[in-house]
Structures are given as C-alpha cells and as structure tokens.
Amino acid sequence: MKSAPITIIDHPLVQHKLTLMRQVETSTAKFRQLLKEIGMLLAYEVTRDLPLKYEAIQTPLARMDAPMLASDKKLAIVSILRAGQGLLDGMLELMPSARVGHIGLYRDPTTHLAVEYYFKLPHDVEHREILIVDPMIATGNSAVAALDRLKEYHPQSLKLICLVAAPEGLKHLQQEHPDIPIFTAAVDDRLDDRAYILPGLGDVGDRLYGTK
Ligand code: URA
C-alpha cells in the first residue's frame with residue numbers, strides 16, 4: 001500500500017519559533033507560549049482542506065453569498081498526554097468549538113513501549129474528523145498505540161500532527177499505519193540511546209511544565 005503523505009510545514013514563522021524552542025536557554029514560560037503559537041499555525045495548515053459552504057449574509061453595504069465552514073465536517077482534537085496539551089491549546093484558539101479527547105500514554109523507560117493509563121474520547125467520535133497531536137514522534141510507539149486505539153472507534157478520518165519527528169519513528173508509523181497523513185514542522189537526524197530525538201528539543205513535557 002502506498003503511504004499517505006508526510007507534509008513538512010516549512011512556513012518561516014513555524015521554523016523560527018521551532019528554533020527558539022530548541023534553544024536550551026529558552027524559559028518554560030517562553031517555551032509554552034511558542035508551542036501554543038506553533039499549535040495555531042499548524043492548525044491553520046492542517047485544516048486547509050476543510051470544505052466550505054456559501055451562506056447569504058448582509059454586510060453594512062450589500063447582500064452577498066459568503067463562505068463559511070460546512071457544518072457537517074465536525075472536528076475532534078485528540079491530545080496525547082502530556083506534551084500534546086501544548087499544541088492543543090494553540091489549536092483550540094483557532095477552533096474553539098472542536099471537541100477534545102485525551103489519551104494518556106507513558107514511555108516505559110526500559111522497553112520504550114507505550115503504556116496506556118487514560119483514554120477519553122468525545123461520545124460521537126465516529127462522526128468526527130480527528131486531529132491527533134503529539135509534539136515528538138521519536139520511536140513512533142506512542143503514535144502507533146494511539147492510532148491502534150482510535151481506529152477501534154471508526155472516526156471519519158485521522159491525521160497526525162507533530163512538531164519534530166525522527167526518521168525511525170516515521171518509518172515505524174508508515175509501516176503500521178500507512179493510511180494516516182502526517183504533518184510535522186521538522187524531521188531531525190536520529191534517536192539517541194534513550195530514544196530522544198537528536199538534535200530535537202529535549203523532553204517536551206518537562207520543558208512545557210518545568211518538571212526537570
Ligand atoms: N519525547 C520528547 O519529549 N522528546 C524526545 O526527544 C522524544 C520523545
């Protein structure tokens with residue numbers, strides 16, 4: 001099966017903000033702000049294909065048929081805890097009526113496998129287009145586990161949105177879920193021996209919440 005595309009979001013604002021996030025001296029407050037801003041910019045890119053409908057409206061000067069989002073396309077954003085929350089906040093600024101799901105997964109420090117500890121989705125997920133947000137695709141284990149679970153609910157569509165991906169993680173994802181389009185701001189060099197992305201930006205959860 002031919003894999004769905006990997007889209008690199010190379011918009012200069014995204015690239016600039018990502019570089020600021022990578023810098024070790026960037027404070028927790030600044031890191032959080034930047035991740036939220038990038039979340040907004042990524043939301044803008046990944047929703048390009050949303051269908052529009054035309055509605056008759058009245059401006060102060062004239063009547064016109066004006067484009068609006070077609071209401072039959074319902075979105076849900078699913079955040080992979082805990083780092084997904086940083087991107088989610090920005091995406092919700094642009095799409096305030098999107099429903100939100102959460103999947104709690106932690107990485108077993110020895111096996112690097114994803115272990116699920118929380119799972120909550122909107123009740124009508126089978127009628128929704130799902131955007132999964134997980135800033136770092138390292139081994140790809142968390143994203144694969146999240147997709148395995150989400151597919152059980154047969155949503156209308158699934159897209160995976162991240163900030164930085166490792167080639168190893170992308171390969172793994174495309175092997176296990178070749179049908180899923182992936183959007184990322186960068187593909188970095190490789191994983192280190194603890195499965196962190198190099199050069200990467202460190203542990204996103206720790207940098208987002210100041211836990212280290
Ligand atoms: N998760 C992170 O937060 N950073 C990495 O480099 C890999 C996984």
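Here are some notes:
- Between the stretch 102-179 and the stretch 1-57, the Cα center-to-center distance that results, in Å: 18
- Under the combined filter of DSSP loop state and at most 11 neighbouring Cβ atoms within 10 Å, the stretch 103-212 retains these GluC sites (Glu not before Pro): E152.
- Reachable aspartates and glutamates, given that their alpha-carbon falls under 15 Å from the alpha-carbon of K74 and they are not under 8 places away in the same chain: D49, D124, E126, E129
- Sequence of H11, H16 when ordered by accessible area, the most exposed leading, probe 1.4 angstrom: H16, H11
- Residues in the chain average 52 Å² of solvent-accessible surface per residue, probe 1.4 Å, ligands and nucleic acids excluded.
- Other residues within the sphere of radius under 11 Å centred on the Cβ of A114, judged by their own Cβ, net out at -2 (K and R +1, D and E -1).
- The accessible area of L13, taken with all protein chains in place and a 1.4 Å probe, comes to roughly 90 Å².
- Evaluating 6.51 cos²θ - 1.76 cosθ + 1.60 at θ = phi - 60° for every residue in the stretch 16-26, the Karplus couplings come out as 5, 5, 5, 4, 4, 5, 5, 5, 5, 7, 5 Hz, glycine and proline recorded as x.
- Just so you know, the Cα atoms of the chain work out to an Rg and Dmax of 17.8, 66 Å.
- The share of accessible area on the stretch 85-212 that comes from carbon and sulfur is 50 percent, using a 1.4 angstrom probe.
- Note on the stretch 107-212: semi-axes of the ellipsoid equivalent to its C-alpha gyration tensor, largest first and rounded to whole Å, are 24, 16, 13.
- Filter on K36/K151; K159/K212; K36/K212; K30/K151 - keep pairs with C-alpha separation over 24 Å: K36/K151; K159/K212; K30/K151
- Each residue of the stretch 172-187 was assigned a 3J(HN,Hα) from its phi angle through the Karplus expression (A = 6.51, B = -1.76, C = 1.60, θ = phi - 60°), giving 4, 4, 6, 5, 7, 9, x, 7, 9, x, 10, 10, 9, 7, 7, 10 Hz with x at Gly and Pro.
- Qualifying trypsin sites (Lys or Arg not before Pro) in the stretch 1-66, DSSP loop, other Cβ atoms within 10 Å at most 11: K2, R48
The values are calculated or read from the model by the stated rules, or taken from the named source; none is laboratory data. Everything numeric in this text was worked out from a predicted model, so none of it was measured. Cβ coordinates were reconstructed from backbone atoms using ideal geometry, including for glycine residues, and neighbour counts include every protein chain displayed. For the accessible areas, the whole protein counts, side chains as well, though only heavy atoms, and no ligand, DNA or RNA atoms are used. Shrake-Rupley method; radii C 1.70, N 1.55, O 1.52, S 1.80 Å.
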